[in-house]
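The values are calculated or read from the model by the stated rules, or taken from the named source; none is laboratory data. None of the values given here were measured: they were computed from a predicted structure. Neighbour counts are summed over all protein chains in view; Cβ atoms, including those assigned to glycine, are modelled from backbone coordinates with ideal geometry. The protein model used for the area step is the full one, side chains on, heavy atoms only, and it has no ligands, DNA or RNA in it. Shrake-Rupley method; radii C 1.70, N 1.55, O 1.52, S 1.80 Å.
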Amino acid sequence: MFDFKFNWDLTLPSLYKAFEGKFLMGNIMSPYDLKNPEMLAMYKHHYNAMTSENAMKPLYIAPNPGEWHFDEADALVDFATQNNIAMIGHTLAWHGQSPKWLNQNPDGSPVTRAEAKRNMETFVKTYAGRYSGRIHSWDVINEVFRDEGGDFKGTWRELLRRETDNPRAVGHWYLAYANGADASLGECGGDFIFDVFYFARKYDPHATLYCNEYNEEYDAKRNAMAEMVEDINEEWKKHPDYDNRLLIEGIGMQAHCNHGTNYDNVRKSIERFVKTGAKISVTELDITFGAHNEPANPLTPEQSKTQTEMYLRLFNMYLEFADHIERVTIWGKNDKMSWRGWGAPTLFGNEGEAKEAYHALVNLNK
């Protein structure tokens, strides 16, 4: 558990007000944060969007068939609703932190396509339906694509996760949907993408539906994400339930950056995603230095200067494309609480003190 005694200075300018009229500013929350009045005051001061760090992932919502745990998610959604904060549902279909029963047999083999589809509808109906009208947007799918080099020339369906030597990276939804797919009818493992978006639209028609991905600035991922959005939305237009909206309405760029991030590639991705007609959100932004085995927390003065320049470069880009960007979410309230704390990646230091990058950003949009 984290030490909650941080020195939040609430006389500082508000981050979300600094970008008001351009895009929402978000961060992450966890159920234990709700017990800390100082944390809540800081959050309401700086952010007008909120993503649950872990508590709303499938494993913690429905660990077993018929077993639903909503208390923590309810508390987070209630806090967001009561404070006019846009709640982000994270996430419905992911290969990680998801219970086996959705798409695997007890021995780990994939369930049949038909069973996976039934389980998916049960999960989305019960979960998304519970919060219908209270979720600003859902990260409907999360990290569905493999990492490939720039020479990958396949289709987006060929880049989807499936079997792998890494048990933590297996595309179980793909494998289940492939188990019983009729190729003569054009069916394949990738059909789960359409179904989970369809069920999300059916059971929470009020929310904006996003795909969310990391390394989204890489050529293969960029192309696959954009082509998937375009293909699924074309397929949706032919569906009897078509409602004159895009089915995939948003593209989430996680933006887990480091000191070597290629900003020209970031721009290329934003430009390509704009062409799909979908909204864009920056969903998990942080910028690290060092590595797990070579921590860089706290940053040296030179690293702090470089990090500030990097945040400024990104936010200048986001402002340039603000007509298309709905939200920018920082993934971590301060460096100490970040999942990548070794790299000092956020806008606030270990004790909650505002970093050089924070001061530069709140003055950027004046």
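For Ala116, state whether it is closer than 30 Å to Ser338 by Cβ, modelled with pLDDT of 95 or more, among the small types (Gly, Ala, Ser) and surrounded by 21 or more Cβ atoms within 10 Å (Cβ to Cβ).
It is false that Ala116 is closer than 30 Å to Ser338 by Cβ, modelled with pLDDT of 95 or more, among the small types (Gly, Ala, Ser) and surrounded by 21 or more Cβ atoms within 10 Å (Cβ to Cβ).
Pick from the range 131-155 the residues that are part of a loop (DSSP other than H, G, I, E, B) and of a type in the set (Asp, Glu): which of them is nearest to Gly250 (Cα to Cα)?
Glu143
Consider Val328 carefully, then state whether it is at pLDDT 95 or above and open to solvent by 20 Å² or more (accessible area, probe 1.4 Å).
Against the criterion (at pLDDT 95 or above and open to solvent by 20 Å² or more (accessible area, probe 1.4 Å)), Val328 does not qualify.
Can you tell me which residues in the range 194-208 are under 11 Å from Ser137 (Cα atoms) and either assigned to a strand (DSSP E or B) or touching a helix residue (DSSP H, G or I) at 6+ places or on another chain (Cβ under 8 Å) (or both)?
Of everything in the range 194-208, those that are under 11 Å from Ser137 (Cα atoms) and either assigned to a strand (DSSP E or B) or touching a helix residue (DSSP H, G or I) at 6+ places or on another chain (Cβ under 8 Å) (or both) turn out to be Ala200, Asp204, Ala207, Thr208.
Suppose the filter is open to solvent by less than 60 Å² (accessible area, probe 1.4 Å) and hydroxyl-bearing (Ser, Thr, Tyr); does Tyr60 pass it?
Criteria not met by Tyr60.
Given the condition in contact with a helix residue (DSSP H, G or I) (Cβ under 8 Å, 6 or more places away or on another chain) and among the small types (Gly, Ala, Ser), answer yes or no: does some residue in the range 31-48 qualify?
no
In the range 198-217, which residues are open to solvent by less than 20 Å² (accessible area, probe 1.4 Å), of a type outside the set (Asp, Glu) and more than 15 Å from the chain's Cα centre (by Cα)?
Passing the criteria: Phe199, Ala200, Arg201.
Does any residue of the range 218-235 turn out to be touching a residue at least 60 places away in the same chain (Cβ under 8 Å), closer than 21 Å to Lys22 by Cα and buried (at least 23 other Cβ atoms within 10 Å of the Cβ)?
no
Could you please give the count of residues in the range 163-190 that are free of Cβ contacts under 8 Å to residues at least 40 places away in the same chain and either among the small types (Gly, Ala, Ser) or assigned to a helix (DSSP H, G or I) (or both)?
8
Would you mind stating whether Tyr43 is under 21 Å from Ser137 (Cα atoms), modelled with pLDDT of 95 or more and touching a Phe, Trp or Tyr at 6+ places or on another chain (Cβ under 7 Å)?
no
What pairs come out if I take residues in the range 59-81 that are at negative phi and pair them with residues that are surrounded by fewer than 19 Cβ atoms within 10 Å (Cβ to Cβ) and β-branched (Val, Ile, Thr) whose C-beta lies under 9 Å away, six or more apart or interchain?
Ile61/Thr126; Ala62/Thr122; Ala62/Thr126; Pro65/Thr122; Trp68/Thr126
Output the qualifying pairs, or none if there are none: Cβ atoms under 8 angstrom, residues six or more apart or on different chains, first residue in the range 244-268 and farther than 16 Å from Met317 by Cβ and free of Cβ contacts under 8 Å to residues at least 60 places away in the same chain, second residue among the small types (Gly, Ala, Ser) and surrounded by fewer than 16 Cβ atoms within 10 Å (Cβ to Cβ).
Once the first residue is farther than 16 Å from Met317 by Cβ and free of Cβ contacts under 8 Å to residues at least 60 places away in the same chain and sits in the range 244-268, its partners that are among the small types (Gly, Ala, Ser) and surrounded by fewer than 16 Cβ atoms within 10 Å (Cβ to Cβ) give Leu246/Gly277.
When you scan the range 244-261, do you find a residue that is β-branched (Val, Ile, Thr) and open to solvent by 10 Å² or more (accessible area, probe 1.4 Å), even just one?
Yes, because at least one residue in the range 244-261 is β-branched (Val, Ile, Thr) and open to solvent by 10 Å² or more (accessible area, probe 1.4 Å).
Among the residues of the range 12-39, which ones are part of a helix (DSSP H, G or I), among the acidic types (Asp, Glu) and open to solvent by 10 Å² or more (accessible area, probe 1.4 Å)?
Glu38
Could you identify the single residue in Ala55, Ala80, Ala128 that is closer than 26 Å to Ile280 by Cβ, among the aliphatic types (A, V, I, L, M) and not in a helix (DSSP H, G or I)?
Ala55
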